[in-house]
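The values are calculated or read from the model by the stated rules, or taken from the named source; none is laboratory data. Not measured: the values here are computed from a predicted model. Using ideal geometry, Cβ is built from the backbone for each residue, glycine included, and neighbour counts are taken over all protein chains shown. Calculation scope for accessible area: heavy atoms of the full protein, side chains included, ligands and nucleic acids excluded. Shrake-Rupley method; radii C 1.70, N 1.55, O 1.52, S 1.80 Å.
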Amino acid sequence: MIDFGRFYQQIATGPLSHWLETLPAQLGQWQREHQHGQFIKWQKCLDKFPVMSPDTIELKNSFTVSNHQPLPTGEQKKLLALLKVFTPWRKGPFHIHGIHIDTEWRSDWKWERLREHITPLNNRTVLDVGCGSGYHMWRMLGDGAKFTVGIDPSTLFLFQFESIRRLANDDQRAHLLPLGIEQLPKLAAFDTVFSMGVLYHRKSPIDHLQQLKDQLRDGGELVLETLVIDGDENQVLVPTGRYGKMNNVWFLPSSDALILWLEKLGFENVRCVDSCVTSLQEQRQTPWMEFESLENFLDPNDHTKTIEGHPAPKRAVILANKPKSAIA
C-alpha cells in the first residue's frame, strides 16, 4: 500500500499544514476506490522493488542514480523487468543503475529551455500540476528546491514515481499525490507553481489559471507551459473534433491572448520567455512507449500541420507573478 503518512508529517508544522483538514480524507477515498484491476498488479510489482542506497544521485544535469560497482547482470535484468511493467513511460529520461528509461518525451529539453528564465528555485517550495511520472520534480530538486509536491490523477504515473523514489532512496523531498488541481483548497503557500502541458486539456482554461493562482503565496511565480498558436491577443483555436488525434484539446490561445488572460486575472510581470515548435526528436516512440506519438499525429505530407489540418504543436513558456498585495 502506498503510504502518504510521511508527507502528512512533513507538512504538519509548515505553511501547508491547513491542507491536512481535507487531504487525508481525499486520499483515503482514493485508496478505497483503487483496490482492483491494474492497481493490484502494479502494487505487487512495486512491492518487489528494492530500496537502494545509490552512491551517486545526479539531479542537476540529468536524473541519474548509480553505484560505484555496477549491478550484477541478474539484478539489472530483474530491475529492468520490473520497470517495464509500468510502461508506457512518457516523461523522462531516467538513468538508473545502467538502465536507460528512454521516455516518449525528452522532458530534459523542456527543462533546459525554461530553467534559465525562472526565478531560481533555491530553498523554494514548489507545486507541479499534472506532473506525470514526476521527472521535473527531481530536476527542480537538482536546481535547489527545498520541497516539491506533484499532483496528477493518473494511477500509473504514481506507481512510476514511487518506483523511481525507491531506487533513489529519497522519500523526504519529493511527493506525488493522485489528485487533480480542482481537488485542492486555496493553499496560497507555494513559492513556485508549474503547470506544463495541462492548460489545453482543461474545458475552462480561465478557471485553471485561477486555480493555479490560488496555490501561490503572494509574490509567488507561475510557470505555465502550454500549446499555443500564432496570432494576436484575440486569436484562440477551438478545434472541431480532435487535435493531433487527441479528443481532449479544448483551447489553444496565442501567446498574446494567454498573456491577456493572465493579466485579467490579476497576475503581474506576465511575459513569454520561450516559444518553439515541437520536434520529432523531442516527442517520439521508444521501446518504453510503443504507442503512436508525434509523427503519427502530423500530416505525413506537411509536418507544419496536424493530421486534421490544424497548426502543428507549438509550445510556449509564460511566466507571471501573483501580486504581493493580492486578496484571496
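Annotations
- Number of the condition not met by LYS213 [criteria: (1) closer than 22 Å to MET137 by Cα; (2) open to solvent by 60 Å² or more (accessible area, probe 1.4 Å)]: (2)
- Inter-residue pairs, beta-carbon under 6 Å, first farther than 15 Å from PRO93 by Cβ and in the range 120-141, second modelled with pLDDT under 95, 6+ apart: LEU141/ARG173
- Scanning the range 282-311 for residues that are under 29 Å from ALA257 (Cα atoms), without any contact (Cβ under 8 Å) to a residue 40 or more places away in the chain and part of a loop (DSSP other than H, G, I, E, B) yields a total of 1.
Here's the yes/no breakdown for (1) open to solvent by less than 50 Å² (accessible area, probe 1.4 Å); (2) among the aromatic types (Phe, Trp, Tyr); (3) within 22 Å of the chain's Cα centre (by Cα); (4) within 22 Å of HIS208 (Cβ to Cβ):
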site	(1), (2), (3), (4)
VAL228	yes, no, yes, yes
GLU233	no, no, no, yes
VAL236	no, no, no, yes
ASN247	no, no, yes, yes
LEU260	no, no, no, yes
LYS264	no, no, no, yes
CYS272	no, no, yes, yes
SER279	yes, no, yes, no
THR286	yes, no, yes, no
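- Filtered by the rule that a residue be of a type in the set (A, V, I, L, M) and either closer than 30 Å to GLN183 by Cβ or open to solvent by 30 Å² or more (accessible area, probe 1.4 Å) (or both), the range 28-70 gives ILE40, LEU46, VAL51, ILE57, LEU59.
- The range 81-110, subset assigned to a loop (DSSP other than H, G, I, E, B) and free of Cβ contacts under 8 Å to residues at least 60 places away in the same chain, residue farthest from SER163 (Cα to Cα): GLY98
- Each residue in the range 63-80 was checked for being in contact with a strand residue (DSSP E or B) (Cβ under 6 Å, 6 or more places away or on another chain) and assigned to a loop (DSSP other than H, G, I, E, B), and 1 of them qualify.
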